[in-house]
Amino acid sequence: MNADFIGIAGPACFQNPEYTGNKPQEVMPGVKSVIVLGVGVPRGAFDTLPKGRAEYTNTLMAATATLRIIAFQIAKIIEKEGDKATIVPTEGSEFGYWYADLETLKANLSIKYAVHCAGLGSFGMNHLLITKEFGPRVRMTAILTDAPLETEENAQLPFINKTCSSCMKCIEVCPAGAISGMGGLIGRKMCTVHVQYTWRASVRALC
Ligand code: SF4
């Protein structure tokens, strides 16, 4: 179906003490499996920044659209087999933002953490998920289902990506100073305030 990776996490993984977000059980009480899938984003979308911001955004949205179609097809297959399925908004998509908690800026569950639970990546200091094949250059989504599928949690990687301990570049360059270097924690408010400020400044410049 053109996904670059796919895996399965069990809802029990979200009970780990390292996870502080919302849980899939709160969305689907009978959830038994979290299917995660993703696509790598073409490199050109990054290499042409900053001039290519429109192209960058459009390429990300194309990845989101691709994942929606794949996830919908999988959900239909699951329901044909007699189980239920619902699709979590792709991280970074409009619905992820609209329905996030305005105080904590957290979505209904972390797709990044679900992908980590499925053994497909570790967190960077910048709180992005660093996947084996594409690094952080990915778009991901998840499907919640009451189908009891075999999970791949034994393949789990370390929570923090090993490369980070000898790098720390994102901490140095973050203009909001929002990356703490404390094991993948970021200052969400600091980040949001900075983004809103720069967005307002750019709108003012256009007026
Ligand atoms: S510390 Fe380096 S490798 Fe780790 S997320 Fe930041 S920039 Fe990437």
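When the scattering of the chain is computed by the Debye formula from its Cα atoms alone, each counted once and equally, what is log10 I(q)/I(0) at q = 0.08, 0.16, 0.18 Å⁻¹?
Log10 I(q)/I(0), no solvent term: -0.29, -1.16, -1.45.
Between E172 and E133, what is the spin-label point distance in nm, taking each point 7 Å from the Cα along the Cα→C-beta axis?
3.2 nm
What nm distance separates the two modelled labels at K23 and D101, each placed 7 Å from Cα along Cα→Cβ?
Label-label distance for K23 and D101, simple model: 1.3 nm.
Full-extension gain between N58 and K80, please, as 0.36 nm times their residue separation minus the C-alpha to C-alpha distance. List each step's numbers first, then the result.
On the way: separation 22, 0.36 × 22 = 7.92 nm, distance 3.32 nm.
Additional length available on full extension: 4.6 nm.
Working out 0.36 nm times the residue gap between R43 and I69, then minus their Cα-Cα distance, what length gain in nm do you get to one decimal?
Separation in residues times 0.36 nm, less the Cα-Cα distance, equals 7.2 nm.
For labels at A12 and K189 in the simple 7 Å Cα→Cβ model, what's the distance in nm?
Label at A12, label at K189, 3.7 nm between them.
How big is the gap, in Å, between the Cα center of segment 145-181 and the Cα center of segment 28-73?
So the two Cα centres are separated by 18 Å.
Going through the cross-link list K80/K132; K51/K106; K32/K189; K23/K169; K76/K189; K112/K169, which pairs have a Cα-Cα distance over 27 Å in this structure?
Cα-Cα > 27 Å for K80/K132; K51/K106; K32/K189; K23/K169; K76/K189; rest within.
None of the figures in this text is laboratory data; all of them are computed from the coordinates on show. The shown structure was predicted, so the numbers you read here are calculated from the model rather than taken from an experiment. Methodologically, a virtual Cβ is constructed for each residue, glycine included, from the backbone with ideal geometry; neighbour enumeration extends over all protein chains shown.
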